[in-house]
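I have placed the structure first, in the form of structure tokens, so that the comments after it can refer back to it.
The values are calculated or read from the model by the stated rules, or taken from the named source; none is laboratory data. Everything numeric in this text was worked out from a predicted model, so none of it was measured. Here Cβ is always computed from backbone atoms with ideal geometry, including for glycine, and neighbour counts include all displayed protein chains. Heavy atoms of the whole protein, side chains included, go into the accessibility calculation; ligands, DNA and RNA do not. Shrake-Rupley method; radii C 1.70, N 1.55, O 1.52, S 1.80 Å.
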2 protein chains.
Amino acid sequence: MTDCLSCIVRNRAICASLRPDELLLLGRMGRRQRVSSGHTLLWEGDDAPVVANVLEGVLKLVAATADGREQIVGIVFPSDFIGRPFGKESPYSVSAISAAELCIFHRDQFDEFAADHPDLQQKLLRRTLGELDRARRWMLLLGRKSASEKVASFLLEMADRLSSPPGAADTARGFELPFGRQQIADILGLTIETTSRQFTKMRADGLIDLPSRRKIVINDLAALNEMAG
Amino acid sequence: MTDCLSCIVRNRAICASLRPDELLLLGRMGRRQRVSSGHTLLWEGDDAPVVANVLEGVLKLVAATADGREQIVGIVFPSDFIGRPFGKESPYSVSAISAAELCIFHRDQFDEFAADHPDLQQKLLRRTLGELDRARRWMLLLGRKSASEKVASFLLEMADRLSSPPGAADTARGFELPFGRQQIADILGLTIETTSRQFTKMRADGLIDLPSRRKIVINDLAALNEMAG
DNA sequence: CGGATTTGTTGATCAGGGTCAATGAAGGCG
DNA sequence: CGCCTTCATTGACCCTGATCAACAAATCCG
């Protein structure tokens, strides 16, 4: 595997807890892999033999009913961790929604390594606790919010998670979503039509601009916050 | 604090990872506390200065919108762990829904102890990963399932989690829910009326019996599984 | 550049589940 | 024991968001 020390997510991924010598060891176990948009890494219900760090790109975690309805239950960004340490099959599938680059480990090897490196395990625990908090706020959205509240909440969260990179010129208060409308619908527990109508309405009301399919510009943050409930 | 070695959840809680001498140390930090039904331990948004093991009783984790709509985002049973290690305020409130007995620790003290005891931390990580999986399956239910599918799924999960204690005579395939109808509605993202109607319909269709308010007897497990989607 | 395909928008209609309201059944407590 | 409070059920009605369908706009490629 190529050099962990120069890894783009070196300081943000769980590896940040490791010393250079430990990193070298872990690095030998891992291997980089590019996956193209749309590719599914892990299937719901199958045994998940790998875990990974995301270096680049965005992936989705999808749970589905027997008759094919889909709910996105997690969104994975660079520096996030994928997979299910400590055995068990994956309770959801994992697919790339943009071209992505991963740093993949065999689960068993990773588990073993983690057991010997408490700091790594603590990083993983912190991350998992954060994910759990996020999932639970999301449950409130899915269970109790109206379509307009859902879309407003979504835009605010995305603005927060996507427009942060400090290098970027945030002159434009805009950002580019890594999702299409159907995926947004699958995140919010709505249909694509309702989602689209909400976007249209928000634009008509002047809350946002939609300069292109995936671009969002927020005009009235306060109103959006109000709307999110 | 009283004796950890004779604790009812000794072998099921995260403490199971500790040796007797370690247990003694942790035991000195903790204190038992009874809480009565309805009492709220932690409030959403407030700093959460404590973590705890549940010895007895059932608690709920509740997230709410500004205007008071509530969604139950977690259910806590004996041997489960409560609270948010590693700082931060609690993103949901925690209330007892039956009389309960807890084993409470100061968060900072607990964090410190955990940092020195990797096995404990691993147990906590496993538990948290399990909770995250559960939360995600729950998201599918909230976002994509119909009222009847929600209630069927709920009954199946409760049958699984509640009727298991091996000592109990499972002659009757029945079990007693620790929730009232409103709480079930808050778990499923429904209103109390819809929930009630679904129960009534299932009884009319012979799938279940309702010998008393909180008792459930499952007559047709296969049909219920079918219905859960 | 231009046809084909995918993705998004808009409209019309419908139904699942919410809301409001009344009644009934349990459980609590003096 | 019997009143009172809480909790659950049932009914009537309505509204949000789903469904079905047509069309428009990007994007993909040869």
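Numerical summary
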| quantity | calculated |
| --- | --- |
| Options B:Asp111, B:Asp116; residue that is closer than 30 Å to A:His117 by Cα, more than 14 Å from DNA strand D (Cβ to nearest atom), surrounded by 15 or more Cβ atoms within 10 Å (Cβ to Cβ) and charged (D, E, K, R) | B:Asp111 |
| Residue within the stretch A:71-89 that is within 14 Å of chain B (Cβ to nearest Cβ), touching a Gly at 6+ places or on another chain (Cβ under 7 Å), open to solvent by 10 Å² or more (accessible area, probe 1.4 Å) and assigned to a strand (DSSP E or B) present | yes |
| Selection count where residues are outside any loop (DSSP other than H, G, I, E, B) and within 12 Å of the chain's Cα centre (by Cα), scope the stretch B:56-70 | 5 |
| Complete set of residues in the stretch A:208-218 that are farther than 12 Å from A:Ala159 by Cβ and not basic (Lys, Arg) | A:Asp209, A:Leu210, A:Pro211, A:Ser212 |
| Counted residues, the stretch B:97-113 - those being under 20 Å from B:Asp47 (Cβ atoms) and part of a strand (DSSP E or B) | 4 |
| Cβ pairs under 8 Å, 6+ apart, first in the stretch A:190-207 and modelled with pLDDT under 95, second within 8 Å of DNA strand D (Cβ to nearest atom) and part of a helix (DSSP H, G or I) | none |
| Among the candidates B:Leu61, B:Leu102, residue that is at the interface with another protein chain (Cβ under 8 Å from one of its Cβ atoms) and touching a Lys or Arg at 6+ places or on another chain (Cβ under 9 Å) | B:Leu61 |
| Boolean, A:Gln33 is loosely packed, with under 15 Cβ neighbours inside 10 Å, of a type outside the set (Gly, Ala, Ser) and assigned to a strand (DSSP E or B) | yes |
| Helices (runs of 4 or more DSSP H) completely within the stretch B:169-229 that count 3 or more residues being within 12 Å of DNA strand C (Cβ to nearest atom) and open to solvent by less than 70 Å² (accessible area, probe 1.4 Å) | B:181-188, B:192-204 |
| Lone unmet requirement of (1) away from DNA strand C (no atom under 16 Å from the Cβ); (2) open to solvent by less than 60 Å² (accessible area, probe 1.4 Å) for B:Ala152 | (1) |
| The stretch A:119-137 - residue that is within 17 Å of the chain's Cα centre (by Cα) and either more than 10 Å from chain B (Cβ to nearest Cβ) or in contact (Cβ under 8 Å) with a residue 12 or more places away in the chain (or both) and, of those, most open to solvent (accessible area, probe 1.4 Å) | A:Arg127 |
| First in the stretch B:64-84 and over 18 Å from B:Asp46 (Cβ atoms), second anywhere and in a loop (DSSP other than H, G, I, E, B) and basic (Lys, Arg), Cβ under 7 Å, 6 or more apart | B:Ser79/B:Arg12 |
